[in-house]
Amino acid sequence: MDLSPSLLLGKFQKRYKRFFGDVIDVDGQLLTIHCPNTGSMKNCLVENSDCWYSLSDNPKRKLPGTLELMTNCYGNLVGINTNRANHIVKEAVEANLIDELVGYEKLRTEVKYGAENSRIDLLLEDPIKGQCYVEVKSVTLEDSAGLVRFPDAVTSRGTKHLRELINMVQQGHRAVLFFCVQVNQAKRMEVADKIDPLYARTLIEALNAGVEVIAWRARLSDTEIVLECAIPCLQDLPAPGLED
């Protein structure tokens with residue numbers, strides 16, 4: 001994903017009221033901008049750390065900009081704008097970068113599906129391969145150096161999405177959970193079972209049902225965010241069919 005114009009450098013000060021973030025720009029002015037992340041942003045809220053933000057020319061916006069990249073407590077860049085994850089993965093699929101998701105004739109986004117009034121992030125369709133439902137999750141929590149986890153807060157919505165994917169597999173379709181890891185230098189991805197035990201248990205159920213899981217790390221800069229490489233994921237979970 002090309003970030004044009006380039007993001008602007010600032011110093012992060014604080015996040016509050018969930019969607020507000022204060023930064024100091026290069027001229028020393030305090031700006032209040034939108035924080036597009038509903039999670040806890042654990043290990044990302046480092047006061048006076050470098051951050052990057054975008055500005056909008058829409059005069060109707062309440063806040064002039066959007067917080068995009070932050071420096072976490074390990075010194076790594078994190079893409080905290082979760083709204084970008086779907087676009088990042090969509091671009092990679094369209095470029096045939098992800099082997100597991102090549103060969104489909106059609107790609108649609110935000111398609112209504114399931115029994116719980118959901119929308120699938122990416123729906124891949126092909127007259128021979130059939131349908132493949134791809135749910136994208138943005139990973140921002142680096143729990144220790146190189147180890148990232150999802151989620152960073154309890155996510156009833158994420159658990160619902162797992163149930164929907166299970167249902168799609170039971171109906172004979174492919175279903176893929178795609179972790180878009182927006183953390184530079186991430187080495188492996190695991191589930192945050194201590195933060196959300198129900199999500200972790202439901203993820204095991206999904207794996208046993210046949211839901212596929214993929215994790216890719218993104219490369220982040222002030223000019224682009226692109227998927228870089230696959231990383232090992234969920235190695236701390238029981239192998240499908242082996243849970244108690």
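All of the numbers you see were taken from the coordinates with simple rules; none came from a lab. Please read all numbers here as calculations on a predicted model, not as lab measurements. Glycine also receives a Cβ, built like all others from the backbone with ideal geometry; neighbour counts cover every protein chain displayed.
What lysines sit close enough to Lys106 to cross-link, taking a C-alpha to C-alpha distance under 21 Å and skipping anything fewer than 8 places away on the same chain? Within the straight-line cut-off, Lys106 pairs with Lys90, Lys129.
Shape of the range 21-100 from the C-alpha gyration tensor: oblate (a/c of 1.5 or more and a/b not above b/c, with a ≥ b ≥ c the square roots of its eigenvalues). Remark: the chain carries a charge dipole of roughly 740 debye about the Cα centre, counting +1 on each Lys and Arg Cβ and -1 on each Asp and Glu Cβ. Computed extension gain for Asp2 through Val111, at 0.36 nm per residue and net of the alpha carbon distance, reaches 36.8 nm. Evaluate E = 1/(1 + (r/R0)^6) for Thr223 and Arg163, where r is the Cβ-Cβ distance and R0 equals 51 Å; express this FRET efficiency to the nearest 0.05. The value I calculate is 0.85. Ordering of 54-61, 153-160 by packing is 153-160, 54-61, highest average first (other Cβ atoms within 10 Å, averaged per residue).
Computed from backbone phi, the HN-Hα couplings of the range 230-235 come to 6, 10, x, 9, 6, 6 Hz, rounded to whole numbers (Karplus: 6.51 cos²θ - 1.76 cosθ + 1.60, θ = phi - 60°; Gly and Pro given as x). Computed from the C-beta positions of Leu30 and Gln171 and an R0 of 45 Å, the FRET efficiency is 0.30 to the nearest 0.05.
Cross-link reach is defined here as a Cα-Cα straight distance under 17 Å, omitting same-chain residues fewer than 8 places apart; for Lys17 the lysines meeting it are Lys42, Lys62. Could you compute the longest span of the chain free of GluC sites (Glu not before Pro) located in DSSP loops and having at most 12 other Cβ atoms within 10 Å, not counting the site residues? By the stated rule (loop sites, at most 12 other Cβ atoms within 10 Å), 117-242.
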